[in-house]
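Every number in this text was worked out from the coordinates using simple rules, so none of it is lab data. Just so it is clear, the model here is predicted, and its values are computed rather than measured. Methodologically, a virtual Cβ is constructed for each residue, glycine included, from the backbone with ideal geometry; neighbour enumeration extends over all protein chains shown.
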Amino acid sequence: MPPDPAQVDLDAARQLGDLVARRAAIAQIIVNYPRSCACWADLADIAEDQVEAYAYARTGYHRGLDQLRQAGWRGSGFVRWAEPTNRGMLSSVAALRKAAGAIGEADEEARCAEFLALLDPSGPWAQG
């Protein structure tokens with residue numbers, strides 16, 4: 001995937017200790033970089049409730065799929081965690097898996113787990 005132009009700003013926002021400030025900072029980054037799946041995944045991780053987390057994660061997931069396809073990915077093949085530019089997309093899928101489970105969408109949770117295993121069977125989700 002191409003580098004995420006929001007990454008420097010997102011790294012700075014991640015350093016904010018206050019969750020309200022961090023959410024606001026990441027939301028502002030999204031205003032400037034709405035295609036940043038890493039930002040959407042981060043918002044899902046610090047969302048105020050499960051439905052909000054699901055919506056953020058789903059947005060990041062779809063943004064990531066769009067970018068993968070634009071980068072030449074055709075629906076199969078590895079998307080490795082070891083490549084930093086892939087982490088936003090993979091984090092979005094992982095966030096969607098978690099959020100789907102939290103709202104009782106067991107089928108979607110399982111699909112996301114399977115998708116992560118196909119994209120990178122050695123990713124952090126495979127540990128444990």
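Compute the longest continuous run of the chain that contains no exposed trypsin sites (Lys or Arg not before Pro); treat a site as exposed when its DSSP state is not H, G, I, E or B and it has at most 16 other Cβ atoms within 10 Å. Intermediate values should be presented prior to the final figure.
Values: sites that count: Arg74, Arg80.
Excluding the exposed sites themselves, the longest stretch runs over 1-73.
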remark   = the chain, Gaussian network, Cα under 10 Å: of Ser91, Ser36, Ser76, the residue fluctuating most is Ser76
remark   = For Arg97, the net charge from surrounding residues (Cβ-Cβ under 9 Å; K, R +1; D, E -1) works out to 0
query = Fully extended, how many nm does the chain gain between Ala82 and Asp66 (0.36 nm per residue separation, minus their Cα-Cα distance)?
reply = 3.7 nm
Fully extended contour minus Cα-Cα distance, from Gln28 to Ser122, at 0.36 nm per residue = 30.5 nm
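Let me spell out the model: positive unit charges on the Cβ of Lys and Arg, negative unit charges on the Cβ of Asp and Glu, origin at the Cα centre of the chain. What dipole size does that give, in debye rounded to 20? Don't skip to the answer; put the middle values down first.
Numbers: 13 positive and 17 negative charges, 76 e Å.
In debye, rounded to 20, the chain gives about 360.
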remark   = Taking the alpha-carbon centre of each part, the distance from region 11-41 to region 75-101 in Å is 18
note = With the charge dipole of region 7-126 built from beta-carbon charges (+1 for Lys and Arg, -1 for Asp and Glu) about the Cα centre, the Cα from Ser76, Leu16, Tyr61 projecting farthest to the positive end belongs to Ser76
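So between Gln15 and Ile103, what do we pick up on full extension, going 0.36 nm a residue minus the alpha carbon distance? Mind showing how you got there, number by number?
Numbers: separation 88, 0.36 × 88 = 31.68 nm, distance 2.86 nm.
Result for the pair: 28.8 nm of gain on full extension.
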message = What are the membrane-span-like helices in the chain by this rule: whole DSSP H runs, Cα extent along the axis at least 18 Å, mean Kyte-Doolittle hydropathy at least 1.0?
response = 19-32
ask   = If one puts a single equal scatterer on every Cα of the chain and applies the Debye formula without solvent, what log₁₀ I(q)/I(0) results at q = 0.16 Å⁻¹?
value = -0.75
Likely footprinting exposure, Thr59, Thr85, fewest C-beta neighbours within 10 Å first = Thr85, Thr59
